[in-house]
Amino acid sequence: MKPFVRVLEGVGSTVQLMVRAAYFLPTLPRQFGRFIDQCYLIGYTTLPIVAILSFFIGSVLALQAGYAAQNLGPKQFIGLLVGLSMARELAPVMVAVLLAGRVGSAIAAELASMKVYQEIDALETMNIPPVRMLVMPRLVAVVVMMPVLTIIADLVGWFGGAIVAKYTDFIAIEPASYFATMRQYMDFGDVMNGLVKAEAFGFVVVLVCCNIGLNTRGGPREIGAAVTRAVVTSLIIILVLDYFVTKALS
Amino acid sequence: MSESTHTTNPFSAVQTPAVGVKIQHLSKSFGTVEVLKDVSFEVQPGEIFVLMGPSGSGKSVLLKHIVGLELPTSGQVLVDGKDAAAEETREQVRMALVFQAGALFNSLSVYDNLALYPREHRVGKESEIREKVMRALQILSLDNAAAKFPSELSGGMRKRVAIARALVMEPQLMLYDEPTSELDPVMSATIAEIIATLKEEYHVTSIVVSHDRDLTLAIGERVGILMGGKLLFLGNGAELRAPKDPKIADFLSPKIDVKNPRFRQLET
Ligand SMILES: Nc1ncnc2c1ncn2[C@@H]1O[C@H](COP(=O)(O)OP(=O)(O)O)[C@@H](O)[C@H]1O
Ligand SMILES: [Mg+2]
């Protein structure tokens with residue numbers, strides 16, 4: 001009963017936070033510097049691992065598909081399989097997971113520490129709404145950055161798959177035919193589908209991590225607990241949301 | 001327009017009426033623990049009120065009620081006649097709370113800590129803000145600290161930066177939470193002088209939470225003592241020197257008795 005109530009409370013306060021952040025959206029122009037800082041931070045911290053991971057995920061996909069195609073014939077479908085899996089599923093989920101680990105944890109740690117060391121209280125006595133300054137710019141930044149990161153993950157993943165497909169002996173198909181099936185059987189809708197997912201994941205991850213950070217109570221040891229809670233909650237939400245968004249979009 | 005009932009702005013000649021604070025039958029509980037029990041007193045516009053009391057007696061909680069960070073369980077706090085619990089009061093009355101640990105923004109330099117309030121409230125151009133911030137730093141002899149980060153400051157400097165940051169808000173009401181705790185005697189004296197100067201020159205109403213008897217007698221115009229959530233003493237410096245209640249006398253100048261130590265008395 002108690003965990004159930006806590007989940008409901010969490011959902012309630014997160015929705016409230018979203019509404020308040022939306023209310024401060026008009027202040028974006030004068031907080032443009034903060035917004036750019038957050039975009040840069042999200043890009044800078046996640047881009048290198050997004051690139052490395054998506055390259056290898058693309059490669060492994062090609063390898064596994066090649067293995068399956070050994071007995072089944074048409075190897076060109078490897079391109080389509082890598083293309084679709086990356087765009088529709090793996091890129092958005094992977095980017096969101098990395099976002100939770102690198103950005104979400106940092107947000108939770110920063111806001112929790114500001115809360116514990118009374119910086120949030122200080123903002124309130126200064127009549128500066130913490131949500132306006134700390135949450136809204138981050139949410140806008142993640143909405144702007146998620147598609148960028150996801151498209152990069154798509155491209156790098158496809159490219160990784162193409163390389164493996166060419167240089168693995170039992171596959172050995174040329175990039176031209178690898179990409180030809182992708183062009184033929186995939187359209188922009190498939191990529192778009194992944195971008196919508198990525199937006200949903202990214203937005204919720206940042207919102208939840210902000211909320212957990214801002215609701216930290218107690219002493220410094222709670223900062224660590226808040227970070228753990230933020231990352232675990234984010235991961236659960238990504239996977240649960242993945243199912244429902246996929247269902248809604250199909 | 002008598003001078004002492006108006007707050008002079010340290011950055012311009014503008015005067016705004018000094019504000020008073022009324023605490024009326026304030027009680028506060030956290031869960032089942034009653035931290036403040038029916039506390040009532042008044043702080044006159046432009047005076048320095050010192051609130052004393054042992055650790056855990058509820059002093060910080062009381063200050064938080066004045067700035068609206070905590071809401072009363074029962075009773076009321078009025079600042080300039082307006083309910084401190086209402087959001088609008090914070091917009092109508094400029095109040096600054098100097099937190100016990102400073103609560104400086106750790107990710108911002110000292111300069112940006114001070115500039116945050118005027119920037120966020122868009123009072124003036126960046127050049128005017130700069131002038132104001134440098135003036136506040138100068139008032140607290142912090143001229144060289146502008147580019148430093150809070151983690152690079154000594155305890156005394158942190159406290160002074162916290163005061164400077166409060167000053168930039170051009171407050172009508174200043175609340176200090178143990179501004180001299182953890183400071184050496186000279187730095188404590190300096191902070192006490194700063195508080196008195198701000199009151200003397202700018203007529204800021206001040207409420208100072210402190211354990212420091214010397215500071216209290218030196219700058220406190222009126223004094224309240226909070227013990228176990230109750231206000232057990234309310235009076236001026238002269239009355240504080242000769243307290244009638246033995247509990248108050250013991251709090252102000254506790255005798256060290258090695259033969260009959262306190263921690264043994266507690267057991268019985
Ligand atoms: N947010 C809170 N939740 C629960 N208890 C609190 C809270 N804030 C303060 N207290 C309790 O209230 C009492 C008074 O605290 P405080 O006002 O900080 O004392 P002090 O007089 O030393 O400043 C303490 O026992 C403290 O544990
Ligand atoms: Mg305290």
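From B:VAL79, B:VAL93, B:VAL67, which residue is within 16 Å of ligand 2 (Cβ to nearest atom), within 18 Å of the chain's Cα centre (by Cα) and at pLDDT 90 or above?
The conditions single out B:VAL67.
The lone criterion from (1) at pLDDT below 95; (2) more than 11 Å from chain B (Cβ to nearest Cβ) left unmet by A:ASN127 is number (2). Considered as a group, the residues in region B:149-166 that are out of contact with any Leu (no Cβ under 7 Å at 6 or more places or on another chain) and closer than 18 Å to B:TYR117 by Cα include one that is nearest to ligand 2 (Cβ to nearest atom), and that residue is B:ALA166.
Do we have B:ALA166 as within 14 Å of B:ASP112 (Cα to Cα) and more than 16 Å from ligand 1 (Cβ to nearest atom) here?
In short, yes.
Just one of the numbered conditions (1) within 14 Å of chain A (Cβ to nearest Cβ); (2) open to solvent by less than 50 Å² (accessible area, probe 1.4 Å) is not true of B:ARG158: (2).
Kindly provide the set of residues from region B:188-205 that are more than 15 Å from the chain's Cα centre (by Cα) and open to solvent by 40 Å² or more (accessible area, probe 1.4 Å), ordered by number. Selection gives B:ALA189, B:THR190, B:GLU200, B:GLU201. Taking region B:27-41 as the range and being more than 16 Å from ligand 2 (Cβ to nearest atom) and either within 23 Å of B:ALA249 (Cα to Cα) or open to solvent by less than 30 Å² (accessible area, probe 1.4 Å) (or both) as the test, the residues that pass are B:SER27, B:LYS37, B:ASP38, B:SER40, B:PHE41. Is there a residue being within 14 Å of the chain's Cα centre (by Cα) and without any contact (Cβ under 8 Å) to a residue 60 or more places away in the chain anywhere in region A:201-213? Looking for residues that are within 14 Å of the chain's Cα centre (by Cα) and without any contact (Cβ under 8 Å) to a residue 60 or more places away in the chain, one finds at least one in region A:201-213, hence yes.
For region B:86-115, name all the residues that are in a loop (DSSP other than H, G, I, E, B) and either among the aromatic types (Phe, Trp, Tyr) or within 16 Å of ligand 1 (Cβ to nearest atom) (or both).
Residues satisfying the conditions are B:PHE99, B:GLN100, B:ALA101, B:GLY102, B:ALA103, B:PHE105.
Being within 11 Å of another protein chain (Cβ to nearest Cβ), touching a residue at least 12 places away in the same chain (Cβ under 8 Å) and not in a helix (DSSP H, G or I), is that true of even one residue in region A:99-111? There is no residue in region A:99-111 that is within 11 Å of another protein chain (Cβ to nearest Cβ), touching a residue at least 12 places away in the same chain (Cβ under 8 Å) and not in a helix (DSSP H, G or I).
Test A:ALA153 against the criterion of being out of contact with any His (no Cβ under 6 Å at 6 or more places or on another chain), over 30 Å from A:GLN64 (Cβ atoms) and open to solvent by less than 20 Å² (accessible area, probe 1.4 Å), and give yes or no. If you could, list the steps in order and put the result at the bottom.
Details: out of contact with any His (no Cβ under 6 Å at 6 or more places or on another chain): yes; over 30 Å from A:GLN64 (Cβ atoms): no; open to solvent by less than 20 Å² (accessible area, probe 1.4 Å): yes.
Here the answer is no, as A:ALA153 does not meet what is asked.
Take the residues in region B:216-246 that are away from ligand 1 (no atom under 16 Å from the Cβ) and hydrophobic (A, V, I, L, M, F, W, C), then tell me which one is least open to solvent (accessible area, probe 1.4 Å). If we take residues in region B:216-246 being away from ligand 1 (no atom under 16 Å from the Cβ) and hydrophobic (A, V, I, L, M, F, W, C), then B:LEU240 is least open to solvent (accessible area, probe 1.4 Å).
Note on region B:53-81: residues that are away from chain A (no Cβ under 14 Å), within 14 Å of ligand 1 (Cβ to nearest atom) and open to solvent by 50 Å² or more (accessible area, probe 1.4 Å) total 3.
Of all residues in region B:100-114, those being more than 8 Å from chain A (Cβ to nearest Cβ), open to solvent by 40 Å² or more (accessible area, probe 1.4 Å) and closer than 19 Å to A:PRO129 by Cα number 2.
Does any residue in region A:18-42 that is surrounded by fewer than 17 Cβ atoms within 10 Å (Cβ to Cβ) come within less than 8 Å, Cβ to Cβ, of a residue that is among the charged types (D, E, K, R) and in a helix (DSSP H, G or I) six or more places away or on a different chain, and which pairs are these? Partner pairs satisfying both residue conditions: A:THR27/A:ARG132.
Let's see how each residue does on (1) in contact with an Asp or Glu (Cβ under 9 Å, 6 or more places away or on another chain); (2) within 14 Å of chain A (Cβ to nearest Cβ):
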site	(1), (2)
B:GLN92	yes, yes
B:LEU116	no, yes
B:ASP143	no, no
B:ARG165	no, yes
B:GLN172	yes, yes
B:ALA192	yes, no
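For region B:18-52, the candidate set comprises residues that are more than 14 Å from every other protein chain (Cβ to nearest Cβ) and not in a strand (DSSP E or B); within that set, the residue that is nearest to ligand 1 (Cβ to nearest atom) is B:THR32. Of all residues in region B:82-96, those that are touching a residue at least 40 places away in the same chain (Cβ under 8 Å) and open to solvent by 30 Å² or more (accessible area, probe 1.4 Å) total 1. Against the test of being open to solvent by 10 Å² or more (accessible area, probe 1.4 Å) and at pLDDT 95 or above, the options A:PHE77, A:PHE56 yield a single qualifying residue, A:PHE56.
The values are calculated or read from the model by the stated rules, or taken from the named source; none is laboratory data. These numbers were taken from a predicted model, which means no experiment stands behind them. Every residue, glycine among them, receives a Cβ derived from its backbone with ideal geometry; neighbour counts consider all protein chains shown. Each accessible area value is taken on the protein alone, full model and side chains, heavy atoms only, with ligands, DNA and RNA left out. Shrake-Rupley method; radii C 1.70, N 1.55, O 1.52, S 1.80 Å.
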